[in-house]
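Take a look at the structure set out below.
Here, each number is a calculation from the coordinates, and none is a lab measurement. In this text, all values refer to a predicted model and were calculated from it rather than measured experimentally. Positions of Cβ are backbone-derived with ideal geometry, glycine not excepted, and every protein chain shown enters the neighbour counts.
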Amino acid sequence: MANGNSTRDRPVLILLTGLPGSGKTTFARALAERLPLRHVESDRIRRSISAQPSYTRLESSLVFARVEVEVREAFADGCIAVQDATNLTNQDRRRFLRLGEESGAQMVFIRLVAPEATVRERLGVPRVGHSQAGLEIYERMRARPELISAPVIVVDTRFALEPALDLVLKLVASAAT
């Protein structure tokens, strides 16, 4: 289902936010098993730009310009877009809020969390997938999160994801016309 070939009249942007190791990509993949969508993963794009990511401002600006292009392409193709990135600050989210507003998209905000000890355990072992963010990146980012000024689903990823996944499915279904 993850190919996102479903055509919709109204775009849907599911914006994930959370620190490295909080479970964003795991959540996105679980959602893709239940819903046709386009998974726009910033870590995948970052790795396509640099085999050894530096997480500099310049690198991030290139990454998020590409993320925006892929979300726009998903909308143009009538697909649900899941934007999978830390999205920790209002500035990080600004371009996607504007994109959602311009396109008339239904916005679904999901904040993924886990206790620090759990995140440290997850980041203390080799990462699976595109993310290379380890404890050093977590330490650099952990004071950055800002509240989202919109309704947000908060998911503690220590627990079963199904209730949150079911809620997202219901919200997305309500946007179908």
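Please list 3J(HN,Hα) in residue order for the range 149-160, calculated via the Karplus relation 6.51 cos²θ - 1.76 cosθ + 1.60 where θ = phi - 60°; whole Hz, with x for glycine and proline.
So the Karplus estimates, Gly and Pro as x, are 8, 7, x, 9, 8, 9, 10, 8, 7, 6, 9, 4 Hz.
Just going by the charge dipole of the chain, with Lys and Arg at +1 and Asp and Glu at -1 on Cβ, which of 112, 48, 27 is farthest out on the positive end?
Value: 48.
Rounding to the nearest 20 debye, state how big the charge dipole of the chain is about its Cα centre with +1 on each Lys and Arg Cβ and -1 on each Asp and Glu Cβ.
Charge dipole, the chain, about its Cα centre: 200 debye, nearest 20.
What percent does the relative contact order of the chain come to when contacts are Cα pairs within less than 8 Å and at least six residues apart?
The value is 35 percent.
Mind listing the phi-derived Karplus ³J(HN,Hα) values for the range 13-22, rounded to whole Hz, using 6.51, -1.76 and 1.60 with θ = phi - 60°, and x for any glycine or proline?
Per residue, the Karplus-derived 3J(HN,Hα) values read 10, 9, 9, 8, 9, x, 5, x, x, 7 Hz.
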